[in-house]
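The values are calculated or read from the model by the stated rules, or taken from the named source; none is laboratory data. Because the structure is a prediction, the values reported are computed rather than measured. Cβ sites come from the backbone with ideal geometry, for glycine too, and all protein chains shown count toward neighbours. SASA here: full protein model, heavy atoms, side chains in, ligands and nucleic acids out. Shrake-Rupley method; radii C 1.70, N 1.55, O 1.52, S 1.80 Å.
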Amino acid sequence: MAIKVFSFFFFVYLLVEMHEISAMVPAVIVFGDSTVDPGNNNQISTVLKSNFAPYGRDYFGGQPTGRFSNGRIATDFISEAYGIKPAIPAYLDPKFDIRDFATGVSFASAGTGYDKATSDVLSVIPFWKEMVYYKEFQDKLRGYLGNDIANHHLSESLHLISIGTNDFLENYYPFPTRSSVYPVDKYEIFLIGIANNFIRELYNLGARKIAISGLPPMGCLPLERTTNIMHGSACIEEYNDVAKDFNQKLQDSVTELNRELGGIQLVMSNPYYKLLEMIQNPILFGFENVATACCGTGYFEMSYMCDRMNPFTCSDANKYIFWDSFHPTEKANFILADHAFKTTLTVFR
């Protein structure tokens, strides 16, 4: 009798598991930098962290998690839009395990880039190591769901990549290592080559639904505008032009990879024009401040310079596009995620 009861409950458990993974997108799996890092940097030795107040003050429970925002980040909202869960956990966070990761996980690391040299600047997780973690995750998932179900689960899951800004603003422009070797257009090609190889490896590992993000108008980030004080702290158009050129090359590459890799659904999500629209027409979105950030003076603070002791931090982050000098507020993240979900990502619904 006991065996029959156990068998019944085990059968019910399997039905629940099957239902959970039967959605068109059963999980959102994330790679990239601080735009999509929910706290992996908390677990490594680096100065680039945000697991302290006032970061996270508008997150669930007002708790800092390691997200570089006052609340949730774009991938959290995308996961929620697919009806999966309201927040994606960090792979290195010991509070979570494969039961949590099965419906979404992020391997992203703040400060990293396509280029290995970028991750070396602040001693963060290199992009290639995110792939190592992903393979480890796949093994755990197969142990949890079984090979066949796990393979199907992976092929239906949305794999999101958001990375690249740091390669230019934290590596190429500040240091001569790459700029002395590559003209900027050749550096763009170098980075896109890394992106292509990463996507091919994801494909070979069973991923079929992939979205890769382009660059934002990075010359309009508060930190960059601060350095442009001689020109009235306007956006640095050289950086914006690089972002647009990179995005076009990336889109061309996505088109080629869709031809090359049979059965893949690969799209490019371009945040450039939506964020620029928010900056140029803030009133339409309910923003009041676009040139400076909420945290601190809003000109240069980020990570440990943006702490609870700073007396200049704003009281209402919803009036600001940027939370710190480099990263959007929760409200801006929602607008960008909602735009992506209703445009580029519709193919996955």
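Within the range 226-241, being at pLDDT 95 or above, part of a helix (DSSP H, G or I) and open to solvent by 10 Å² or more (accessible area, probe 1.4 Å) holds for 237, 238, 239, 241.
Residue 305 fulfils the conditions (1) hydrophobic (A, V, I, L, M, F, W, C); (2) open to solvent by 40 Å² or more (accessible area, probe 1.4 Å); (3) in contact (Cβ under 8 Å) with a residue 24 or more places away in the chain except for a single criterion, (3). Selection of the range 149-206 for residues being open to solvent by 10 Å² or more (accessible area, probe 1.4 Å), aliphatic (A, V, I, L, M) and more than 17 Å from residue 112 (Cβ to Cβ) yields 149, 181, 184, 189, 205.
Between 223, 250, which is within 29 Å of residue 324 (Cα to Cα), at pLDDT below 95 and surrounded by 14 or more Cβ atoms within 10 Å (Cβ to Cβ)? Lay out the reasoning, then the answer.
Numbers: 250 fails: at pLDDT below 95.
Exactly one of 223, 250 is within 29 Å of residue 324 (Cα to Cα), at pLDDT below 95 and surrounded by 14 or more Cβ atoms within 10 Å (Cβ to Cβ), namely 223.
Which of the following residues is assigned to a helix (DSSP H, G or I), surrounded by fewer than 23 Cβ atoms within 10 Å (Cβ to Cβ) and among the aromatic types (Phe, Trp, Tyr): 341, 312? Step by step, each of 341, 312 is checked, and only 341 is assigned to a helix (DSSP H, G or I), surrounded by fewer than 23 Cβ atoms within 10 Å (Cβ to Cβ) and among the aromatic types (Phe, Trp, Tyr). For the range 273-281, state whether one or more residues are of a type in the set (Val, Ile, Thr) and over 30 Å from residue 25 (Cα atoms). Yes, there is a match, as at least one residue in the range 273-281 is of a type in the set (Val, Ile, Thr) and over 30 Å from residue 25 (Cα atoms).
Table: residues versus (1) touching a strand residue (DSSP E or B) at 6+ places or on another chain (Cβ under 9 Å); (2) surrounded by fewer than 15 Cβ atoms within 10 Å (Cβ to Cβ).
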{"position": "265", "(1), (2)": "yes, yes"}
{"position": "271", "(1), (2)": "yes, no"}
{"position": "280", "(1), (2)": "no, yes"}
{"position": "293", "(1), (2)": "yes, no"}
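Looking only at the range 144-169, residues that are over 18 Å from residue 244 (Cα atoms) and assigned to a helix (DSSP H, G or I) come to 12 in all. Considering each residue of the range 281-302 in turn, none proves to be part of a helix (DSSP H, G or I) and either among the charged types (D, E, K, R) or closer than 21 Å to residue 111 by Cβ (or both).
Within the range 134-158, which residues are over 16 Å from the mean Cα position of the chain (by Cα) and aromatic (Phe, Trp, Tyr)? The answer is 137, 144. Would you mind telling me which numbered condition in (1) open to solvent by less than 20 Å² (accessible area, probe 1.4 Å); (2) within 21 Å of the chain's Cα centre (by Cα) residue 261 fails? With (1) open to solvent by less than 20 Å² (accessible area, probe 1.4 Å); (2) within 21 Å of the chain's Cα centre (by Cα) applied to residue 261, the lone miss is (2). With respect to residue 98, determine if the residue is touching a helix residue (DSSP H, G or I) at 6+ places or on another chain (Cβ under 7 Å), crowded, with 24+ Cβ neighbours inside 10 Å and not acidic (Asp, Glu). In short, no. Look at the range 106-133: where a residue is closer than 15 Å to residue 175 by Cβ and a partner is in a loop (DSSP other than H, G, I, E, B) and among the aliphatic types (A, V, I, L, M), sitting 6+ places away or on another chain with Cβ atoms under 6 Å, you get 111/48; 111/122; 111/124; 122/48.
Residue 138 satisfies every condition listed in (1) of a type in the set (S, T, N, Q); (2) touching a residue at least 40 places away in the same chain (Cβ under 8 Å); (3) open to solvent by 30 Å² or more (accessible area, probe 1.4 Å) except (3).
Would it be correct to say that residue 324 is buried (at least 22 other Cβ atoms within 10 Å of the Cβ) and of a type in the set (Asp, Glu)? Criteria met by residue 324.
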